[in-house]
Amino acid sequence: MFMHEYGHTLQSMIAGPLYVGVIGIPSIFGAWFQDEEGHNREWYETSANRLALQYFQKHDSGMLTRGWDFNENPTRYNPNWYWFFSAPSPSWAWWLLLGSDN
């Protein structure tokens, strides 16, 4: 959980003052109104996981990242039918900014 939350910190460094409205508030509402699996697969959550995983793989000797649970902390975003309305505009720009699954 620490690594995932650090991913949100990295998102805030990238998005700056836009973080609260674009990532923070949707993440909070998603946690309140979705089941855990659905929430964990939203773009802002998978992006936090990707950023955290990349960061800790680069800056950690492997102690934290060798046990990464991809089921609990997925790094791949699976869009659902309302993706266009729930992602920030323009959707493709944020996808590029926050990275894609390699």
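Miscellaneous remarks
- Highest average first, the peptides 25-37, 42-54 ordered by how many other beta carbon atoms sit within 10 Å of their residues are 42-54, 25-37.
- Backbone HN-Hα couplings from phi across the range 31-36 [Karplus 6.51/-1.76/1.60, Hz, Gly and Pro as x]: 5, 6, 9, 10, 6, 4
Here, each number is a calculation from the coordinates, and none is a lab measurement. From a predicted model like this one, the values you see are computed outputs, not experimental measurements. When we count neighbours, we look across all protein chains shown, and the Cβ atoms used for this are built from the backbone with ideal geometry, even at glycine.
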